[in-house]
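Asker: Questions regarding the structure given below will be posed in turn.
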Amino acid sequence: MEQALTIGKLAKAADTKVETVRWYEKEGLIDAPARTEGNYRSYTPRDLSRLTFIRRARDLGFSLDQVRALLDLASDPGRDCGSIDELATGHLAAIDRKIADLSALRRELAALLTSCRGGTMSECSILEAFSPASIRSAPAGAVT
């Protein structure tokens with residue numbers, strides 16, 4: 001017989017919050033559990049395994065839709081894993097794009113900091129870079 005877990009014990013074992021478990025249930029990622037006579041949720045080790053899978057996939061940045069797809073694919077152990085490879089490859093490409101975007105943002109901000117000449121706010125080269133010319137030249141309090 002499988003040992004029943006309360007929602008609190010399940011959440012703790014999966015290193016997540018009770019609210020997250022409830023939300024995954026609401027989203028259909030975890031089946032609604034059986035209830036005890038006292039109407040408490042009663043989870044199984046299988047539920048813990050599924051929740052751990054979901055948490056790990058989320059920790060790796062997979063979206064909920066991607067997690068759903070992974071769970072669906074994992075439910076057929078005899079299936080070719082090419083679909084999972086394709087999904088993971090697409091996710092890795094998205095991560096690489098984000099890294100490239102963040103690197104470009106970092107270079108731009110570093111250049112702004114390097115161009116800082118000190119002085120007053122009205123002479124701040126960083127603020128100038130954030131504002132269109134019409135705002136920078138407008139008198140204080142004016143609407144442009």
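Asker: If I ask for residues that are touching a residue at least 12 places away in the same chain (Cβ under 8 Å) and among the basic types (Lys, Arg), which ones from region 10-53 would you list?
Answerer: Scanning region 10-53 gives Arg22, Arg41, Arg46, Arg50.
One line per residue, one yes/no per condition, for (1) in a loop (DSSP other than H, G, I, E, B); (2) modelled with pLDDT of 95 or more; (3) farther than 24 Å from Asp65 by Cβ:
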position	(1), (2), (3)
Met1	yes, no, yes
Ala11	no, yes, no
Val21	no, yes, no
Gly38	yes, no, yes
Ser42	no, no, yes
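Asker: In this structure, does Ala14 turn out to be open to solvent by less than 40 Å² (accessible area, probe 1.4 Å), among the small types (Gly, Ala, Ser) and farther than 30 Å from Ala129 by Cα?
Answerer: Taking the combined requirement at face value, the residue satisfies it.
Asker: Taking Asp80, is it at pLDDT 95 or above and either open to solvent by 60 Å² or more (accessible area, probe 1.4 Å) or in a helix (DSSP H, G or I) (or both)?
Answerer: No, not satisfied.
Asker: So Asp15 clears everything in (1) of a type in the set (D, E, K, R); (2) on the phi < 0 side of the Ramachandran plot; (3) assigned to a loop (DSSP other than H, G, I, E, B) except one condition, right? Which one?
Answerer: Single failed check for Asp15: (2).
Asker: Considering only region 105-132, state which residues are over 31 Å from the mean Cα position of the chain (by Cα), open to solvent by 100 Å² or more (accessible area, probe 1.4 Å) and among the charged types (D, E, K, R).
Answerer: Passing the criteria: only Arg117.
Asker: Only residues that are in a loop (DSSP other than H, G, I, E, B) and not polar (S, T, N, Q): list them for region 83-135, please.
Answerer: Passing the criteria: Cys116, Arg117, Gly118, Gly119, Cys124, Pro132.
Asker: I'd like the full set of residues that are exposed (fewer than 15 other Cβ atoms within 10 Å of the Cβ), within 15 Å of the chain's Cα centre (by Cα) and either among the charged types (D, E, K, R) or over 30 Å from Gly90 (Cβ atoms) (or both), limited to region 18-72.
Answerer: Arg56, Asp59, Asp65
Asker: Now for a separate question. Mind counting the residues in region 66-83 that are under 15 Å from Ile54 (Cβ atoms) and free of Cβ contacts under 8 Å to residues at least 24 places away in the same chain?
Answerer: Here is the first cut: in region 66-83, the residues under 15 Å from Ile54 (Cβ atoms) are 66-75.
Filter once more, keeping what is free of Cβ contacts under 8 Å to residues at least 24 places away in the same chain: 69-70, 72-75.
Number satisfying all stated conditions: 6.
The values are calculated or read from the model by the stated rules, or taken from the named source; none is laboratory data. Predicted model, so just to flag it, every value in this text is computed and none were measured. Every residue, glycine among them, receives a Cβ derived from its backbone with ideal geometry; neighbour counts consider all protein chains shown. Note: areas computed on protein heavy atoms with side chains; ligands, DNA, RNA excluded. Shrake-Rupley method; radii C 1.70, N 1.55, O 1.52, S 1.80 Å.
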